[in-house]
Amino acid sequence: MKKFAIRRMYSYFETTTQEVEDCTFDKKLELLDEELKILLAKYGLKFISHDIRFIALEKMSAKKCDNCDNLMINRDKNPTRFNKDNFWIDLDTDYNFVIFDGGNYEDKELCMECLPIEHRWGYFS
Ligand SMILES: [Zn+2]
């Protein structure tokens, strides 16, 4: 039985509202897309599409884990995360591990992998 294997890939960079308004990264991202298409074709994959979403760090209590740099939402500050909005569902830890849950621990903000298991948002440690 034939199938299509759809493969997603996530990446991120940090930016500001001003840089977005000034299209600071547009040319660099266009060049990246062209190189990615060539690279994917080399391995027999066809580029289909991409999108870009912006997460307001302060508003969403999103940041990099103080220990390991995983992207996380501090659930102690933002218990509702993305409010289960379908726009963000692929980033959710229930579905995918793009943006981890996290919380406060001993003056640090740690992701679920770095928090002790007894912490409400600790998961692996
Ligand atoms: Zn971590």
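The values are calculated or read from the model by the stated rules, or taken from the named source; none is laboratory data. Quick caveat: nothing in here was measured; it's all calculated off a predicted structure. Every residue, glycine as well, gets a Cβ built from its backbone with ideal geometry; the counts of neighbours run over all protein chains shown.
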I'm checking my understanding of the structure. Among residues of region 77-125 that are of a type in the set (D, E) and either under 17 Å from K59 (Cα atoms) or under 18 Å from the mean Cα position of the chain (by Cα) (or both), which one is modelled with the highest pLDDT? E109
For region 110-125, how many residues meet the condition of being touching a residue at least 40 places away in the same chain (Cβ under 8 Å) and more than 9 Å from the ligand (Cβ to nearest atom)? 2
Listed by range, strands (runs of 3 or more DSSP E) wholly within region 18-125 having at least 1 residues that are within 26 Å of I6 (Cα to Cα) are 71-74, 100-105
Residue satisfying all of: in region 39-76; surrounded by 10 or more Cβ atoms within 10 Å (Cβ to Cβ) and acidic (D, E); nearest to N96 (Cα to Cα) among these: D69
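Just one of N78, N86, N104 is more than 16 Å from F54 (Cα to Cα) and away from the ligand (no atom under 14 Å from the Cβ); which is it?
When all the criteria are applied, what remains is N78.
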List, please: which pairs have Cβ atoms under 8 Å, are six or more places apart or on different chains, and start with a residue in region 1-23 that is among the hydrophobic types (A, V, I, L, M, F, W, C) and end with one that is assigned to a loop (DSSP other than H, G, I, E, B)? I6/I48; F13/F25; V20/F54
Residues of region 12-47 being modelled with pLDDT of 95 or more and either among the basic types (K, R) or touching a strand residue (DSSP E or B) at 6+ places or on another chain (Cβ under 7 Å) (or both), in sequence order, are K37, K42, K46
